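What follows draws every value from the coordinates through simple rules; no lab data is involved. This structure is a prediction, so every number in the text was calculated from the model and none was measured. Heads up, the Cβs are rebuilt from the backbone with ideal geometry, glycines too, and the neighbour counts pull from every protein chain shown.
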Amino acid sequence: MPDHEYRFCPNCAAPLQLLTQAEDGGDKQRLRCAACGWTHWNNPTPVLAAVIEYGGRVLLARNAAWAGKMYALITGFMEAGETPESGIAREIKEETNLEARALDLIGVYDFQRMNQVIIAYHALAEGEVRLSPELADYRLYLPADVRCWPAGTGYALADWLRSRGHEPQFLDWAKR
C-alpha cells in the first residue's frame, strides 16, 4: 500500500489520489496526480548499519529517543553523493567518534515495516568513544554474549556472528 505522507502533488499542488495504472509487470496502485501525471513511487530508503568491533568486542548503542533499554547497531541514512562505505564510516565517526579502519559488507536486508533497505557492514574501529547527543549510552559485548533481535539490523548482527563461528541467540520479544 502506498505511503500516505504526500497529500498534494509537489509539481502542480493538485490533490493526490490512489490510482491504478499499467506499469512494467502489470497494474500498480500508487499515489498519483490526475492533473499532471506525477507519481509518488515510494521507493525504499537506503539505511547504513555497522557491527562495530572495538577492542575485540561488539559496540551496541542506545538511542536517546528510545524509551526502553534496547541497544542496537549504529545506523544512519546514506547521504547524496557518498558511497555506502563512506557513509557508514561517517555515521560511525559522527555517532561514536571512532575511526573505521576496515569495512566489510555483511549483507543487504529488507526492513519493509519502515520501507527501508539496510546495507550492513562489519567495521573494525579505533579511537576514543564519545557519543553524539543522538545516543544515550553504549555497551561493549563479547561476540558470544551479544543477543540479536528478530528484525532488520538484528539479522545482520546474526549473520556476522555466524561468520565468526558463533551461533546467534535471539531476544524473545514476548518476554520483554
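Below is a table of values for the structure above.
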read-out: The chain - percent relative contact order, Cα under 8 Å, separation 6 or more; value: 20 percent
read-out: 5 angstrom amide H check on W38, placed H, neighbours 5+ away; value: C33
read-out: Cut-off under 5 Å, modelled amide H: who pairs with L171 long-range; value: C148, W149
read-out: For T20, net neighbour charge (Lys/Arg +1, Asp/Glu -1) across residues whose Cβ lies under 13 Å away; value: +1
read-out: The stretch 134-176 versus the stretch 1-76: alpha-carbon centroid distance in Å; value: 24 Å
read-out: Most mobile listed residue (T83, T45, T96) in the chain, GNM with C-alpha springs under 10 Å; value: T83
read-out: Length gained when the stretch S163-T45 is fully extended (0.36 nm per residue, less Cα-Cα span); value: 39.8 nm
read-out: GluC sites (Glu not before Pro) within the stretch 103-176, DSSP loop, no more than 11 other Cβ atoms inside 10 Å; value: E128
read-out: Loop trypsin sites (Lys or Arg not before Pro), the stretch 6-93 (other Cβ atoms within 10 Å of the site Cβ: 10 or fewer; DSSP); value: R7, K69
read-out: Globularity ratio of the chain, using Cα Rg and 2.2 N^0.38 Å; value: 1.24
